[in-house]
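Report on the following structure.
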Amino acid sequence: MVAALLLLAGCASSGVMDKQAAAPESPKPAATAELDPAAQREHDRILAAYNGAYEDPRIEPLVNQTVEKLVAASDRPDLHYRVTLLNSPVVNAFALPSGHLYVTRGLVALANDSSELASVMSHEMAHVIAHHAEMREDRVRQVALVSRLANGVLSDPEVGALALAKSKIALASFSRTQEFEADGIGVGIAARAGFDAYGASRFLTSLGRDSEMRQSAQSNIDPRAPDFLSSHPATPERVRNAQTSARQVAAQGGGERERQAYLAAIDGMVYGDDPSEGLVRGRHFLHPKLGFTFVAPEGFTLDNTAQAILGVKEGGGQALRLDVVRVPNEQSLADYLNSGWIENIDTKSIETTTISGFPAATANAKGDQWSFRLFAVRFGSDVYRFIFAAKHMAPEIDRAFRDSVASFRRMSIAESKAARPLRLRVVTVGNGDTVEQLASRMAVVDHKAERFRILNGLEPGDRLNPGDMVKIVVE
């Protein structure tokens, strides 16, 4: 039950899009590059899922010029790719059948030079060039056929389940093959375009370390988050494969990295949440656009996903979700809690109250392994739903949940104006500067030194040299 509650945050991998999208047809030549209605609808859905496009007069030319070099060096230099920089902190990149390439600012922030960015974009172009989607669609149809057979023909459910499981394993294995092939093709394209062929292995290494850190912190809240690793696994084997591909086409240290120009272009870019989608600041969540704020219980880590604010307590055993719905004004909040939007409500526990002057109602619910404290708060024309979950509900835990909801209030005009996003700043390493010293300047709550190393592609034992350019996160 808690899985259903906490994993309902909308994201690409739950149906908005296929992030490994390559086309059964090649991108159109430049003369006919306008999106057809179906591609335009998919483009609009992507923009909605990723908070629109991110406009930056320095980064956009950087990305476009990188792609232009890759196209010229590819097997299909006649093809035209349209590039959109997405306003999302998640790390992702993908392509549409129309030849439209997408990359998030989160990915641009994680990369450390143009060769790393080029490795990602050439990888996505490779999915298109290799017609992976066309082959994968055949596999999807086979899985659908086996599913119908298992569900409608086989009398033994265990046999049917085994057949379905085997078909899904085959599909996953096929996707893995696609990834390795796209890596090899992409490394070749990047090298021919003059980029450092080892950019792919460096970026995949950073990506894997970033994923491990997030999983140990907060991203385990929503494993379907729309990031690159959802469909592009960064395994050690894949890093080794990228290194092998690089050695086949170029010597170590060859090719351009353009690190200084790259860092200059991303200096000052937005990092993390955008104010239009709300800001996470430790246990505090602020939404200047909607005009509210609240504080999660002690020990919680928050994650701002596309459709909900999710949180887990360090050590596990407690979680929360906040989302917003429309409820008719004539329907009382007590009736809404009992309307069936969540099962196993204890109707005797329903009570009406006020939160910071706003009408509210609360109730308890009980699952097999989890207990829930529910709140519905009417704020303007919307109703905000708090769902707190605990494996072992105790009076002090319930009080902490109630105190958290009691912190929900309207933001002042001054608070709204002061709510600004975090940004990347590129600084020069001075004499005596250490990782720990520079990391202490990072405007992040936890794992400062680890985040600093990952953000700058530094291994645990790497040291800084005076004159190096590095990224930090500032307010």
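The values are calculated or read from the model by the stated rules, or taken from the named source; none is laboratory data. From a predicted model like this one, the values you see are computed outputs, not experimental measurements. Because the Cβ atoms are built from the backbone with ideal geometry, glycine has one as well, and the counts that use them run over all protein chains shown. The area values use the complete protein model at the heavy-atom level, side chains included, leaving out ligands, DNA and RNA. Shrake-Rupley method; radii C 1.70, N 1.55, O 1.52, S 1.80 Å.
Hey, how many Å between the Cα centroid of the stretch 250-313 and the Cα centroid of the stretch 331-382?
The stretch 250-313 and the stretch 331-382 have Cα centres separated by 31 Å.
Please find the FRET efficiency linking Arg399 to Ser356, where r is the Cβ-Cβ separation and R0 is fixed at 22 Å, and quote it to the nearest 0.05.
Efficiency computed from Cβ-Cβ geometry: 0.80.
Using 1/(1 + (r/R0)^6) with R0 = 60 angstrom and r between the beta carbons of Glu415 and Asp36, what's the FRET efficiency to the nearest 0.05?
Approximately 0.85, to the nearest 0.05.
Keeping all protein chains in place, calculate the accessible area per residue for the stretch 49-118 (probe 1.4 angstrom), answer in Å².
Accessible surface, normalised per residue, equals 30 Å².
Within the set Lys391/Lys448; Lys417/Lys471; Lys289/Lys448; Lys448/Lys471, which residue pairs have Cα atoms separated by over 21 Å?
Table pairs above 21 Å Cα-Cα are Lys391/Lys448; Lys417/Lys471; Lys289/Lys448.
With +1 assigned to the C-beta of every Lys and Arg and -1 to the C-beta of every Asp and Glu, and no other charges, what is the dipole magnitude of the stretch 259-324 about the Cα centre in debye, to the nearest 20?
Result for the stretch 259-324 is approximately 60 debye, rounded to the nearest 20.
Select from Val444, Ala360, Leu337 the residue farthest towards the positive end of the dipole of the stretch 327-475; place +1 on Cβ of Lys and Arg, -1 on Cβ of Asp and Glu, and compute about the Cα centre.
Going by the Cα projections, it comes out as Val444.
Summing +1 for each Lys or Arg and -1 for each Asp or Glu, what net charge is found among the other residues whose Cβ lies under 11 Å from the Cβ of Met121?
With Lys, Arg at +1 and Asp, Glu at -1, the neighbours total -2.
Roll a 1.4 Å probe over the protein chains and send me the accessible area per residue for the stretch 362-448 in Å².
50
Could you sort 239-251, 115-127 so that the peptide with the highest average Cβ count within 10 Å comes first and the rest follow in order?
Going from most to least packed, we get 115-127, 239-251.
Taking the Cα-to-Cβ direction at Ala251 and at Val445 and moving 7 Å from each Cα, how far apart do the two end points lie in nm?
Reported label-point gap for Ala251 and Val445 is 5.0 nm.
State, to one decimal in nm, how far the label point of Glu60 lies from the label point of Lys289, with both points 7 Å from Cα in the Cβ direction.
1.9
Please compute the modelled spin-label separation between Thr177 and Val427, points set 7 Å along Cα→Cβ, answer in nm with one decimal.
Calculated label separation equals 5.0 nm.
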